[in-house]
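Everything on this sheet refers to the single structure shown next.
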Amino acid sequence: MAVENLAPRPLADASAVIDDLMAATGEGMEAVNRLILSRSDSPVDMVPEVANHLIDAGGKRLRPMLTLAASALFGRPGGNEIRFAAAVEFMHNATLLHDDVVDESDMRRGRPAARTIWGNQASVLVGDFLLGQAFLMMVESRDIDALGVLSRAAAIIAEGEVFQLAKAGDLSTTPDDYEKIIHAKTATLFEAATEVGAMAGGADSASRKALAAYGRELGMAFQLVDDVLDYGGAQGALGKNTGDDLREGKMTLPVILALQAGTEGERKTIERALGNPASGESQLADILAIFARYDCLSQTMAKAERHAEAARAALAKIPPSLERDILFSVPEFCTSRAY
């Protein structure tokens, strides 16, 4: 479907936003996917086996699409947007491989995590390989400023992961601590993805900052919604993957709010389930009941909505275009996932 045949959709039609984004970036994403496949190759057989196990599992590839859409906003893409988008996706996949080792996760994107097949060592090392390839592509772009953006992002993401690990099971974790964690581990890569896209498209300094702000706020909303989804979404419905964050001891905002508002007995209930791999549906139902009493999920969603609105506001000074209309609607798509 050609971009010119796409009509901007109303904000409320969130379910179609990703289809529009995929159509608007389709040609560029074909080039990105070819580059991803070529750069995940290696004479060491295990490297492409592990990398392609994750890459082939799918996912919407939202971040590289955002890079391409941000580039198209300014009408002067010169080819580096393809390298930048592939580099962003490699960074994202590297963090997933590393996260599964840290979290001891068994599943990723509906299939066994790479660590359960090839082991933790291979997952970590192939993640390092993907990071190396990402930076090689950035160097090949000869854009030192963009290389700096993604290099800083990689360092901040690693810091965020370490901070989250340090806070695992820590009942004294504050909402401010949580915000620092999700800004570092999630929002930073969204921010870098849209900022380097704008740079590839020839954006001026003010527009580059606007797209960076858009990505940062979108990433904050995205992670807040993910943390609500871990408890079955805004309605708190139990599902087969519900409670993974709780069992891993992650101090997400619903848990933090419940600990702050709850009675001593309720805090004890949360403490017993937090970081306990054996926590089952009965324990999770108790936790959800506590969340419901103190509106923890709805408070978290309200915060996600505020970040989504801030993302939309960041686009206010960008000239109207099809890509801007689509990007304007992406935050609504992100928050609608929880309902």
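List of remarks:
- Meets criteria (open to solvent by less than 20 Å² (accessible area, probe 1.4 Å) and under 25 Å from ARG108 (Cα atoms)) for VAL32: yes
- Filter result (touching a strand residue (DSSP E or B) at 6+ places or on another chain (Cβ under 7 Å) and either in a helix (DSSP H, G or I) or more than 17 Å from ILE55 (Cβ to Cβ) (or both)) within the range 103-113: ASP106
- Members of the range 289-339 found to be assigned to a helix (DSSP H, G or I), over 20 Å from the mean Cα position of the chain (by Cα) and surrounded by 21 or more Cβ atoms within 10 Å (Cβ to Cβ), listed by number: ILE290, PHE291, CYS296, GLU323
- Lone unmet requirement of (1) open to solvent by less than 30 Å² (accessible area, probe 1.4 Å); (2) touching a residue at least 24 places away in the same chain (Cβ under 8 Å); (3) over 30 Å from LEU73 (Cβ atoms) for GLY280: (2)
- Every test in (1) closer than 14 Å to ALA308 by Cβ; (2) open to solvent by less than 10 Å² (accessible area, probe 1.4 Å); (3) more than 13 Å from the chain's Cα centre (by Cα) is passed by ALA213 save one, and that test is (2).
- Residue within the range 57-67 that is farther than 25 Å from LEU218 by Cβ and surrounded by fewer than 23 Cβ atoms within 10 Å (Cβ to Cβ) present: no
This table checks each residue for (1) open to solvent by 10 Å² or more (accessible area, probe 1.4 Å); (2) assigned to a helix (DSSP H, G or I); (3) out of contact with any helix residue (DSSP H, G or I) (no Cβ under 9 Å at 6 or more places or on another chain).
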{"position": "LYS180", "(1), (2), (3)": "yes, yes, no"}
{"position": "ALA206", "(1), (2), (3)": "yes, yes, yes"}
{"position": "ASP226", "(1), (2), (3)": "yes, yes, no"}
{"position": "LEU246", "(1), (2), (3)": "no, yes, no"}
{"position": "ALA258", "(1), (2), (3)": "no, yes, no"}
{"position": "LYS268", "(1), (2), (3)": "yes, yes, yes"}
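- Taken together, the residues in the range 122-150 that are within 24 Å of GLY78 (Cβ to Cβ) and in a helix (DSSP H, G or I) amount to 15.
- Only one of PRO64, PRO77, PRO112 that is modelled with pLDDT under 95 and touching a helix residue (DSSP H, G or I) at 6+ places or on another chain (Cβ under 6 Å): PRO77
The values are calculated or read from the model by the stated rules, or taken from the named source; none is laboratory data. None of these values were measured; they are calculated from a predicted model. Cβ: placed from backbone, ideal geometry, glycine included. Neighbour counts: every protein chain shown. The accessibility values were calculated without ligands, DNA or RNA, using every heavy atom of the protein model including side chains. Shrake-Rupley method; radii C 1.70, N 1.55, O 1.52, S 1.80 Å.
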